[in-house]
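K.L.:
Following this message is one structure expressed as structure tokens.
The values are calculated or read from the model by the stated rules, or taken from the named source; none is laboratory data. None of these values were measured; they are calculated from a predicted model. Neighbour counts run over all protein chains shown; Cβ positions are idealised from the backbone, glycine included. Quick note on the areas: whole protein, heavy atoms, side chains included, nothing else; ligands and nucleic acids left out. Shrake-Rupley method; radii C 1.70, N 1.55, O 1.52, S 1.80 Å.
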Amino acid sequence: MTEPRLLAGGPIAAEIRAGVKADVAAFRRRFRYAPTLAVVLVGKDAPSAVYLQQILKSCRTVGVEGRLVEIPGRVSAAQVRHRIFELNDDPLVSGIIVQMPLPKRIPLATVIDTLDPAKDIDGIHPLNAGLMTLGYQGFLPTTAQAAVEILKRSEIEIAGRHAVVVGRSNVVGKPVSILMLRENATVTVCHSKTRDLPGVVRTADIVIVAAGRPRLITGAMLRKGAVVIDVGINVVGDKLVGDVDFESARDVVSAITPVPGGVGPVTNALLMTHLMRAARAQAEAAGYPSRSVAAASGR
């Protein structure tokens, strides 16, 4: 039995981070401070906590400041908005991301409508979403971007191939379908109301799964030789598992991302590239270096 090609994210992420590390060093020489990424965590969610630690580790690796902003789960929507407004106004904070999912009683619009689009480095603000849809330069949702980046850097042909995206969230499913269209794939999006999900998935050359349901896609649902990008990260018992049943899929597919260790590392590395792009734009617009930034940074 031939083992599938394992599309590990680590080597790709390391290559991206090496470039970011050089960018950070150049930025610090020019502007005399290190950019800060503010990570907002509302309440406690196990998958989010795992992802959060990976982001903060990425910050340390490339030499930027990672600031954890913890907001208790019982906080009101107004208090969340107020905290984000404060981060918008902080000259040292170049990028802001808010960990999902939010507590159910906090509307997503509370975050989306409040974020400064120039600091929205995960591309969830309507302005950035619109720029992506129209093909303009904005901040792309990094998880969706990572899924496509793995395919491209692994030299897997996309143009002209049939890609099935399982999941239609605004964070991954919708944006990854748009990004795959931009790479000239033929794209089908499946969701909870799709009839005959196995039948549709079985037609795909490339399957990107971001449904948030552990082991939803099995080997029996996949076409022989398909390429699978598993975006899912779920806690089952004491394990992290994807939305694809890896053990049954490995007997069918030609290539597949592992969970963990696939899309996640590339997402975090790309987030650092977005942070540096945001930091440069903000610093140049503000005419840094300046006394105010030096004073704020304590340098």
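K.L.:
Count the DSSP beta bridges whose two residues both fall in segment 129-240, then state the antiparallel fraction as a percent rounded to the nearest 5.
P.N.:
Percentage antiparallel, nearest 5: 15.
K.L.:
Another one. List the residues whose amide H sits under 5 Å from the amide H of Val98, counting only those 5 or more places along or on another chain, with H placed 1.01 Å from N in the peptide plane.
P.N.:
Placed amide hydrogens put Val40 under 5 Å from Val98.
K.L.:
For the chain, modelled as a Gaussian network with Cα springs under 10 Å, which listed residue fluctuates most, Val20, Val42, Val75?
P.N.:
Answer for the Gaussian network model of the chain: Val75.
K.L.:
In segment 88-243, what is the volume of the convex hull around the alpha carbon atoms, normalised per residue and reported in Å³?
P.N.:
Dividing the Cα hull volume of segment 88-243 by its residues yields 148 Å³.
K.L.:
As an exercise, use a Förster radius of 30 Å and the Cβ-Cβ distance of His82 and Ser254 to find the FRET efficiency, rounded to the nearest 0.05.
P.N.:
That gives a FRET efficiency of 0.05.
K.L.:
Farthest toward the dipole's positive end in the chain, which of Ser58, Ala8, Gly232, given Cβ charges of +1 (Lys, Arg) and -1 (Asp, Glu) about the Cα centre?
P.N.:
Ser58
K.L.:
Still on this model: If you bin the C-alpha pair distances of segment 52-150 every 5 Å from 0, what whole percents do you get?
P.N.:
Cα pair-distance distribution for segment 52-150, in percent: 2, 11, 20, 23, 22, 14, 6, 1.
K.L.:
Can you compute 3J(HN,Hα) from phi for each residue in segment 171-182, using the Karplus curve 6.51 cos²θ - 1.76 cosθ + 1.60 with θ = phi - 60°, rounded to whole Hz and x for Gly and Pro?
P.N.:
7, 10, x, 5, x, 5, 5, 5, 5, 5, 4, 5
K.L.:
Something else about it: On each of the three principal axes of the Cα atoms of segment 1-118, give max minus min coordinate, whole Å, ordered largest first.
P.N.:
Cα spread of segment 1-118 along its principal axes, largest to smallest: 51, 50, 21 Å.
K.L.:
I've got another one for you. Cα-based Rg of the chain per 2.2 N^0.38 Å, rounded to two decimals?
P.N.:
Ratio of Rg to 2.2 N^0.38 Å for the chain: 1.02.
K.L.:
Each residue of segment 113-130 in order: what ³J(HN,Hα) in whole Hz does its phi give by Karplus 6.51 cos²θ - 1.76 cosθ + 1.60, θ = phi - 60°, with x for Gly and Pro?
P.N.:
6, 8, 4, 6, x, 6, 10, 7, 7, 9, x, 9, 5, x, 4, 5, 4, x
K.L.:
Next up: Please calculate how many Å² of accessible area the chain carries per residue, with a 1.4 Å probe and no DNA, RNA or ligand atoms counted.
P.N.:
On a per-residue basis, the chain sits at 46 Å².
K.L.:
How about segment 125-227: which GluC sites (Glu not before Pro) there lie in a loop by DSSP and see at most 10 other Cβ atoms within 10 Å?
P.N.:
Sparse-neighbourhood loop GluC sites (Glu not before Pro): Glu155.
K.L.:
Within the chain, what percent of beta bridges assigned by DSSP are antiparallel, to the nearest 5?
P.N.:
10 percent
K.L.:
Which loop trypsin sites (Lys or Arg not before Pro) in segment 103-178, with loop taken from DSSP, have no more than 12 other Cβ atoms within 10 angstrom of their Cβ?
P.N.:
When the trypsin sites (Lys or Arg not before Pro) of segment 103-178 are filtered for loop state and at most 12 Cβ neighbours within 10 Å, Lys104, Arg105 remain.
K.L.:
Using the Karplus curve 6.51 cos²θ - 1.76 cosθ + 1.60 with θ = phi - 60°, work out ³J(HN,Hα) for each residue of segment 143-155 in order, rounded to whole Hz, and write x for Gly and Pro.
P.N.:
Karplus-based 3J(HN,Hα) across segment 143-155 equals 5, 5, 4, 4, 4, 6, 4, 4, 4, 5, 6, 8, 6 Hz.
K.L.:
Sticking with this one: Scan around Arg5 for amide H atoms under 5 Å from its own, H built in the peptide plane at 1.01 Å from N, and keep only partners 5 or more places away or cross-chain.
P.N.:
Excluding prolines and chain starts, which carry no amide H, the hits are Ala255, Ile256.
K.L.:
Which pairs, out of Lys44/Lys119; Lys44/Lys239; Lys21/Lys44, put more than 20 Å between their alpha-carbon atoms?
P.N.:
Lys44/Lys119; Lys21/Lys44
K.L.:
With a 1.4 Å probe and all protein chains kept in place, how much accessible area does Glu70 have, in Å² rounded to the nearest 10?
P.N.:
Only protein atoms counted, so the area is about 110 Å².
K.L.:
Taking segment 162-299, how much of its Cα-Cα pair set, in percent, is spaced more than 25 angstrom apart?
P.N.:
38 percent
K.L.:
Taking a quarter of the surface of the Cα convex hull of segment 122-214, what do you get in nm²?
P.N.:
Working: hull surface 24.5 nm².
Convex hull of Cα atoms, orientation-averaged projection: 6.1 nm².
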